[in-house]
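To start, the structure under review is shown below, and the notes come after it.
The values are calculated or read from the model by the stated rules, or taken from the named source; none is laboratory data. Remember, it's a predicted structure, so these values are computed and weren't measured experimentally. FYI the Cβ positions are ideal-geometry reconstructions off the backbone, even for glycines, and counts take in every protein chain you see.
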Amino acid sequence: MWADNETGRDFLNFSGVAETVGEIIVQAGGRPISIGVSGAWGVGKSSMIKLIRSALEERTEGQDGKFIFVEFNAWLYQGYDDARAALLEVIASALAEEAEKRKTGVDKAKELLSRVNWLRAAKLTAGSALAMALGLPPVGLLGEAYQLGGQVATGHVTKDTVEAAQGVAAKAGTEAAALIKPKAEISPPREIHAIRECFEQTLAALDTKLVVLIDDLDRCLPPTTISTLEAIRLLLFLENTAFVIAADDAMIKNAVRKHFEGVDDALVTSYFDKLVQVPIRVPPLGTQEVRAYLMLLFIENSALDKEVKEAIRGKVCEQLAQTWKGKRVDRAFMETTHTAFPADLVSRFDTADRLAPLMTTTSQIAGNPRLIKRFLNALSIRMAISKAHGVGVDEAVLAKVLLFERCAQPAAYNALAQAVNNDTDGKAGFLAEWEEKALAGDSLKLNDPWDDDFVPEWLTVPPRLEDIDLRGVLYVSREHAPLITPEDRLSSEAAELLTAMLEHPDMADKLHERLTRVPRPEMTVIMDRVLERARQEQEWGTPAILDAALAVTAADPTQGTRLAGFLQDRPDSQIKPGIIPKIGDQPWAKGLLDHWHNSDVAGPVKRAITAERKKAANGNV
C-alpha cells in the first residue's frame, strides 16, 4: 500500500521547479515576495511545498537561522477555528519560540504575540462588526462571542470595551479570559499598524527571513479561504517575508468570486494578482513521468534496501531531466539502475510500461499522482484478497480490468461483467475481434456503451482478455466500490466531509451536524470509503477509523448494519476488549456482541461483553 501523503522525496522530477522557487526567495534578499504554486487536486502541490523547503534548507546549509519556516494548513482549522486568527497566532508563536532559542528579540516577539492575542480577543478575526469597521470582509466560522454594541459598530474600541468583551467570553467559557489585557486607549486600526511594525522589528532583531508555506487553501470553503488570504494580506509586503501559497488558482478565484458577490472577473483576477507576485504551476506529467512514477512506487513498496531505493530514485530523476533529449524511463532503463531486481518487481515494471500511456491520456486519471496511487492501492488490495481466498488472479489481468472499471463508462463495465457471468467458462469472447483490430491499428466502430475513445486504446494493453477466465477478477472486485474518487460521485460538501474523516478520523464526531444533511446515497459512498480504509486495521480495539465509522452511523442509522457486518467479518484474533464499551450502546451492536460472545474471541473480550450487558441491564432498571 502507498500512503496518500506529501513527501519530501522527489518522485516526479519536481526538484528543478522547487530549486527555482528557492532561488527566487534567496535572490529577493530582504525584499518581500509572494509565490503561488498552482495545480489541480492531487497533482503534487503539497510535495512541491516540502521540496521548496528542502531546497531552501540546502542552499543555506551551515547558515543556521537564515530562514524561519512556518507551515500552515488552513483546511485543518476549518470549522474549529478562524483561519485568519490561527495563521497570525501560528506565525507569532513561531517567532516567539525562535526568539527564546536565540536569546534575542524576545521582548519584541512577545509583544507581537500579545498584540495578535488582543486582536483575537477583540474579535477582529471572527467576522464581527469590528472587522467591518476596519474595512475587512465579515468572515469567520466561530460566530459572534462578544456583543460590543454601538462602540464596535463605530470602531471606537477602548480598554473598557475589550474588558467587557472578555467578561462575556469568560462566562461563555471561551479562550478570551486567558488573553492579555491591552494598553489603554488602543484601537484595532492602531493595533494593525503596530502589529506590522512589531513584526518587522522582530524579524530584524532575529536577523532572519520568515518563509510561510501555506497548503490546502483550495480545499477550504470560501469563507476560510478569504479569511486566510486576509491574514496573508496583513503581513504581505513587509520586509524579510516570503509567502508560498499552494492552491489551485481557479479554486481561489472562485472563492473570491463567491465571497465578493457581484464583482466582475477582472476584479477577481486583480485581487488574486495583488496577493501573488510570482505564479508557478506544478508541471503536468507526461507518459515518461507517469511511467517513472509507477516504477518508483513499485520500488518503494519492495524489499530493496533503503539506500538502494534512494540511489535508484536519484538515477530516475536524472534520466527524467534528459527526456527532452529523447532519453526514456522504461523497463530497459530501470534494469540498468540496479544489478539484481527480483522477478516480481521486473514484472511490475512491465505493468507500468503497459499502463502509463493510458493513465496519462485518459481524462479520468490524466497523470494525476494521487489517482495513480489510489489505482495501485486498489490493485494491491484486490491482489491480497485474491491470495487470501485462493483465487489466483493474474496481476496483469486484474490491472487491465481495474483500469477499465476506473476509466470506461459504467454501462460498459457492467456489460463486460454480465458477459463474463453469462459465459459458462467466464470469458469475454466478444473482445476477440475488437482486440485483433485494435492491435492491428484498424479503426473500430463500436456501439453504445462501448463508443468511447478510451476503449480502443485499452484493447491494445496486454494481455489479451478474450480467452481468459475473468470470474476470479470479478469475484475479488465485488468487495470494493468501483475505483471512483469522491469528487466523481459526491457533492463538494460530502467530498470535503469524507476527506476530513479519512485524514482526521478521531475528530469525525464534530462533523455530525453536517453529516446529517448529506443525502443517504452519498452517505453510502462515504461509508464505502471509510470501510475501505478500515480494512487496513489489524487490531480492533479503538482505532481512530472506528470513530469515523461511528460518526457515519450516528448521522445515518441505516449504515449501522453495514458496520456490524464489517466488524463481524474481522478475524476473532483482531478483536480487543476496548471496542466493546465503544460500541456497546449502539442499536445495531446487540447481534454483533452475541456473535462475538459465542465465537473464539479472547477471554477478556467476552468478559468485556458480559460487563457491558450488566451495565445496560442496570441502566434499564
Checklist entry - Looking at ALA617, ALA608, which one is of a type in the set (A, V, I, L, M), in a helix (DSSP H, G or I) and at pLDDT below 90? => result ALA617
Checklist entry - (1) modelled with pLDDT under 80; (2) touching a strand residue (DSSP E or B) at 6+ places or on another chain (Cβ under 7 Å); (3) closer than 18 Å to SER492 by Cβ; (4) not small (Gly, Ala, Ser): which one isn't true of LEU236, the others all being true? => result (3)
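Taking the condition of a type in the set (Val, Ile, Thr), surrounded by 21 or more Cβ atoms within 10 Å (Cβ to Cβ) and more than 22 Å from ILE312 (Cα to Cα), does ILE365 pass? It would help to see each step written out before you state the result.
Numbers: of a type in the set (Val, Ile, Thr): yes; surrounded by 21 or more Cβ atoms within 10 Å (Cβ to Cβ): yes; more than 22 Å from ILE312 (Cα to Cα): yes.
Yes.
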Item to check | Residue list for region 300-313, filter: at pLDDT below 90 and either of a type in the set (Gly, Ala, Ser) or touching a Pro at 6+ places or on another chain (Cβ under 8 Å) (or both) | outcome: SER302, ALA303
Item to check | Residue list for region 527-544, restricted to those being over 14 Å from LEU497 (Cα atoms) and assigned to a helix (DSSP H, G or I) | outcome: LEU531, GLU532, ARG533, ALA534, ALA544
Next on the checklist: Which condition from (1) within 30 Å of ALA366 (Cα to Cα); (2) in contact with a helix residue (DSSP H, G or I) (Cβ under 9 Å, 6 or more places away or on another chain) is the one that SER46 breaks?
Outcome noted: (2)
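Looking only at region 27-34, decide whether some residue is part of a loop (DSSP other than H, G, I, E, B) and buried (at least 16 other Cβ atoms within 10 Å of the Cβ). Talk me through it step by step, then tell me what you get.
Quick first cut of region 27-34, residues part of a loop (DSSP other than H, G, I, E, B) only: 28-32.
The next check asks that each one be buried (at least 16 other Cβ atoms within 10 Å of the Cβ); those that pass are 28, 32.
Yes.
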Checklist entry - Considering only region 380-398, how many residues are touching a residue at least 40 places away in the same chain (Cβ under 8 Å) and of a type in the set (Lys, Arg)? => result 1
Checklist outcome for this item: Restricting region 271-315 to residues that are under 25 Å from the mean Cα position of the chain (by Cα) and β-branched (Val, Ile, Thr), the one nearest to GLU395 (Cα to Cα) turns out to be ILE299
Next on the checklist: Exactly one of these conditions fails for ASP265: (1) under 26 Å from GLU496 (Cβ atoms); (2) surrounded by 17 or more Cβ atoms within 10 Å (Cβ to Cβ). Give me its number.
Outcome noted: (2)
Item to check | All positions within region 559-591 that are hydrophobic (A, V, I, L, M, F, W, C) and within 11 Å of TRP540 (Cα to Cα) | outcome: LEU567, ILE575, ILE579, ILE580
Checklist entry - So which residues in region 499-531 are closer than 20 Å to GLY42 by Cβ, in contact with a helix residue (DSSP H, G or I) (Cβ under 8 Å, 6 or more places away or on another chain) and assigned by TED's automatic domain parsing to the domain that holds THR558? => result VAL525, ILE526, ARG529, VAL530
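Per-residue answers, yes or no, for (1) surrounded by fewer than 19 Cβ atoms within 10 Å (Cβ to Cβ); (2) touching a Pro at 6+ places or on another chain (Cβ under 8 Å); (3) in contact (Cβ under 8 Å) with a residue 12 or more places away in the chain:
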position	(1), (2), (3)
ASP506	yes, no, yes
THR524	yes, no, yes
ALA534	no, yes, yes
ALA551	no, no, yes
THR558	yes, no, yes
ARG570	yes, no, yes
LEU593	no, no, yes
GLY603	yes, no, no
LYS615	yes, no, yes
Next on the checklist: Among the numbered criteria (1) aliphatic (A, V, I, L, M); (2) under 30 Å from GLU493 (Cβ atoms); (3) modelled with pLDDT under 90, which one does LEU550 miss?
Outcome noted: (3)
Next on the checklist: So, in region 36-61, exactly how many residues are in contact (Cβ under 8 Å) with a residue 40 or more places away in the chain and not in a helix (DSSP H, G or I)?
Outcome noted: 9
Next on the checklist: For region 389-428, give me the residue count where each residue is over 28 Å from GLY367 (Cβ atoms) and in a helix (DSSP H, G or I).
Outcome noted: 5
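Looking only at residues that are within 21 Å of ALA352 (Cβ to Cβ) and of a type in the set (A, V, I, L, M) in region 263-294, which one is modelled with the lowest pLDDT?
First, the residues of region 263-294 that are within 21 Å of ALA352 (Cβ to Cβ): 283-294.
Subsequent filtering for residues that are of a type in the set (A, V, I, L, M) retains 285, 290, 292, 294.
Values: LEU285: 83, VAL290: 89, ALA292: 90, LEU294: 91.
Top of the filtered list is LEU285.
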Checklist entry - Can you find a residue in region 265-272 that is acidic (Asp, Glu) and without any contact (Cβ under 8 Å) to a residue 24 or more places away in the chain? => result yes
Checklist entry - Applying the selection to region 429-463, what residues are under 38 Å from the mean Cα position of the chain (by Cα), outside any helix (DSSP H, G or I) and under 22 Å from THR351 (Cα atoms)? => result ASP453, THR460, VAL461, PRO462, PRO463
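Can you confirm whether ALA352 is at pLDDT 85 or above, surrounded by fewer than 18 Cβ atoms within 10 Å (Cβ to Cβ), out of contact with any His (no Cβ under 8 Å at 6 or more places or on another chain) and in a helix (DSSP H, G or I)?
Taking the combined requirement at face value, the residue does not satisfy it.
Take ARG291 and tell me if it is assigned to a loop (DSSP other than H, G, I, E, B), among the charged types (D, E, K, R) and in contact (Cβ under 8 Å) with a residue 12 or more places away in the chain. Break it down stepwise before answering.
Details: assigned to a loop (DSSP other than H, G, I, E, B): no; among the charged types (D, E, K, R): yes; in contact (Cβ under 8 Å) with a residue 12 or more places away in the chain: yes.
No: the conditions fail for ARG291.
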